[in-house]
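For reference, the structure is listed below as structure tokens.
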Amino acid sequence: MPSGELKYIKKSQLTKVALSSSKELTEEVYLISFKREFEFLPGQVIGISPEEDGPRRLYSICSGADDDEVKILYNVVKEGYVTPRLSDLREGDAIWITAPRGKFLYDDGPAYWISTGTGIAPFYSMFRSGLFENKRLIHGERFIERFWFSDELRDNFGDNYLRCCSQESDESTFNGRVTEYLKTTDHLPADYKYYLCGRAEMVVEARDILIGRGIPFNNIISEIYF
Ligand SMILES: Cc1cc2nc3c(=O)[nH]c(=O)nc-3n(C[C@H](O)[C@H](O)[C@H](O)COP(=O)(O)OP(=O)(O)OC[C@H]3O[C@@H](n4cnc5c(N)ncnc54)[C@H](O)[C@@H]3O)c2cc1C
């Protein structure tokens with residue numbers, strides 16, 4: 001836990017925080033962090049703006065509920081407003097954040113956690129919070145170097161961590177997109193929950209595949225990054 005009292009951030013209020021670090025993990029993908037001075041539930045998002053009065057965007061928290069630092073994993077959208085500005089920031093620079101919110105939350109029962117790209121963030125937050133029993137984590141990316149947190153995830157999830165790589169292959173990855181895996185795997189229990197997180201195209205396609213394979217609509221829970 002961070003030292004000192006945890007502050008409550010009012011829903012309507014923007015709070016200024018100083019970055020403790022900003023690292024480019026792979027090309028155009030950054031992990032930023034700042035001291036945690038509030039509580040949140042793993043899976044929640046915060047709004048972030050690099051300017052006090054500028055536009056803000058939502059980002060899933062990518063760290064554990066008890067970690068000292070709040071981390072955010074984002075990819076730079078070249079023509080975007082917020083992310084190119086965020087990527088110019090360095091340790092000590094300010095960002096403005098909203099209170100955490102969101103209902104894409106952990107559930108006790110057996111589940112598949114299915115993500116692409118930075119959509120792994122809410123699942124990583126749940127995992128870092130010690131909440132990953134009965135969970136199978138599937139992460140899709142184009143290149144092997146973009147499976148951030150792989151060693152830690154493999155050590156903890158074992159065979160329940162699956163990497164789907166669409167542009168490269170090695171013996172430790174499924175060769176193809178996440179959606180390809182969902183079409184071909186034999187193991188899709190109808191009584192599991194299926195959590196989907198990532199860009200709209202993946203979430204919509206994966207949802208259609210799951211429904212087509214007999215998963216009840218109510219067992220599919222989505223968080224779309226748009
Ligand atoms: C609930 C939720 C949680 C999110 N969590 C995360 C997260 O943890 N990490 C993260 O990286 N993003 C996340 N996002 C996306 C994020 O909120 C922004 O949309 C994204 O960072 C782009 O912001 P921007 O201001 O740089 O681009 P904008 O100025 O918003 O967009 C400029 C243009 O780029 C297009 N565009 C927007 N996003 C993308 C994209 N990802 N790829 C390609 N084109 C795009 C837009 O359609 C628009 O035409 C989340 C979104 C939601 C709704």
Inset, instruction - Residues in region 28-53, backbone N under 16 Å from the label point at residue 85 (7 Å along the Cα-to-beta-carbon vector): list them, ranges by number please. - result: 47-53
Legend entry - Charge dipole (debye, nearest 20) of the chain; +1 at Cβ of Lys and Arg, -1 at Cβ of Asp and Glu: 720 debye
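If each DSSP helix of 4+ residues adds -39,500 (n - 2.57) and the sum is divided by the residues in the chain, what number results at 222 nm, nearest 500 deg cm²/dmol? Numbers along the way, then the final one.
On the way: 5 runs with 42 residues, N = 226.
About -5000 deg cm²/dmol.
What's the local net charge at residue 62, with K and R +1, D and E -1, over the other residues with C-beta under 11 Å away?
Numbers: positive: 71, 128; negative: 67, 69.
Overall, the nearby charge balance is 0.
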Inset, instruction - Provide, for the chain, the number of lysine pairs with alpha carbons under 17 Å apart, each pair being eight or more places apart or on different chains. - result: 11
Inset, instruction - Using 0.36 nm per residue of separation minus the Cα-Cα distance, give me the extension gain between residue 69 and residue 51 in nm, one decimal. - result: 4.4 nm
Inset, instruction - Could you work out how far apart the two model spin labels at residue 169 and residue 213 are, taking each label as a point 7 Å from the Cα in the direction of the beta carbon, and quote it in nm? - result: 1.9 nm
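With an 8 Å cut-off on Cα pairs and a minimum separation of 6 or more residues, tell me the relative contact order of region 47-121 in percent.
Working: 74 pairs, mean separation 25.9, N = 75.
Taking the mean separation of contacting Cα pairs over the length of region 47-121, I get 35 percent.
Contact order normalised by length for region 139-226, with contacts defined as Cα pairs under 8 Å and 6 or more residues apart; what percent is it? Walk me through the numbers before you get to the answer.
On the way: 112 pairs, mean separation 20.5, N = 88.
About 23 percent, as a whole number.
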Legend entry - residue 191 paired with residue 37, simple spin-label distance in nm, labels 7 Å along Cα-to-beta-carbon: 4.8 nm
Legend entry - Under 16 Å from the residue 159 label point (7 Å along Cα→beta-carbon), backbone N, region 125-149: 134-138
Inset, instruction - Could you grab the relative contact order for the chain? Cα pairs under 8 Å, six or more apart, rounded to a whole percent. - result: 18 percent
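Efficiency by 1/(1 + (r/R0)^6): what FRET value for residue 103 and residue 151, r their Cβ-Cβ distance, R0 = 41 Å, to the nearest 0.05? If you can, show how the numbers build up before the last one.
Values: r = 31 Å, r/R0 = 0.75.
It comes out at approximately 0.85.
None of the figures in this text is laboratory data; all of them are computed from the coordinates on show. Every value quoted in this text rests on a predicted model; they were computed, and no experiment measured them. All Cβ positions, glycine included, derive from the backbone under ideal geometry; neighbour counts span all protein chains shown.
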